[in-house]
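So the structure is just underneath, and the comments pick up after that.
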Amino acid sequence: MEVVDGRLDVEVPVSCDLHHQRCQRDVAHSRLEGARFEALRRQKHVDHPAESAELGTHRAHDVEQILVRRSGFVAELADLRRDLRIDAGYMSRIAARFETDGLITREPSSVDGRRQSLRLTDRGREVSETLDARSAAQVAGLLGDLAPGDRRRLVAAMGTVRDVLDRERSAGTAVALRAPGPGDYGWVVSRHGALYAAEYGWDCGFEALVARIVADYVQDRDPAREAAWIAEAGGEPVGCVFCVAKDATTAQLRILLVEPSARGLGVGTRLVDQCLRFARAAGYDAITLWTNDVLTSARRLYEAAGFELTDQEPHHSFGQDLVGQNWTKAL
């Protein structure tokens, strides 16, 4: 069995309905803040908070753009201009307007006296909190009337929007592969269930399957012939893959996962390559995997790595009509 992106539970003592409620809650909690931020900062799809007398003539978007960068409530003007891709003259006018209205102060940079730093005043922080509260209420209003399935689709789609728009930033993120540690096996199970429920509508039967795969690996692993890796970026897990013994001469690649935030960074390719290197070093003659036709990104990874489709068969699993596929590669 091979999987890409999902969540697991080593035991599934709750009903499928309760499971879906929890999946929906977990995905929404993990993505809502990022979705709200991107809707305001990037898309302007969510209406900006109404400008009141308290905010004067400030455009809420301008305020949000400035305050979004508050790191200790201080940011250098040149850094803001670069990161927000704002013309120098326009950025200067915004800063001057904010300073006049008491939202920020300007002072020489502590690093380079030729540069200016912007610091939020107490009033600027109040404005920030007001905007945060209003935008959170707007997003809650947008999501409140949606059906659970539509809400999951929206949150997943916003995650994709954020990831694509932040690709330039993400491209500089260092990714490391390491062995699983305490808590990682639970993360593998959790993320498989949550992501597959959100992106493909798969039910708790899939989560139970991945849970059994992980439990079997932890209990029966042969360290000389079986291994697993966690991909980590910024101190957080963003992917995983397992290499286990199918028989004496054949390895099996299982539960490959790449978080949406790390897609496009080569994480999946690195995980697959690591699995292949280990299988060769362990003395296997071939490696196989099982996937489903709807997992197109995963299939492209396998084809690029030299796997070949050996057979496929329709089946109804995880609440969906699918086509299971077996892929094999000689080592």
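Remark on the range 181-331: ratio of C-alpha radius of gyration to 2.2 N^0.38 Å is 0.99. Between amide H atoms placed 1.01 Å from N, distances below 5 Å from S317 occur with L322, all of them 5 or more places distant or on a separate chain.
For the peptides 285-298, 188-201, the ranking by mean Cβ contacts within 10 Å, running from highest to lowest, is 188-201, 285-298.
Neighbour counting of Cβ atoms within 10 Å sorts the residues V139, V210, fewest neighbours leading, into V139, V210. Whose amide H sits under 5 Å from the amide H of V238, counting only residues 5 or more places off or on another chain, with H placed in the peptide plane? Answer set, sorted by chain and number: A231, E232, A233.
Listed from fewest to most Cβ neighbours within 10 Å, the set L209, L146, L177 follows the order L146, L177, L209.
Quick note: the coordinates plus some simple rules give every number you see, no bench work behind them. Bear in mind the structure is a predicted one, so any value in this text is a computation, not a measurement. Quick reminder, even Gly has a Cβ in these numbers, built from the backbone with ideal geometry, and neighbours come from all protein chains shown.
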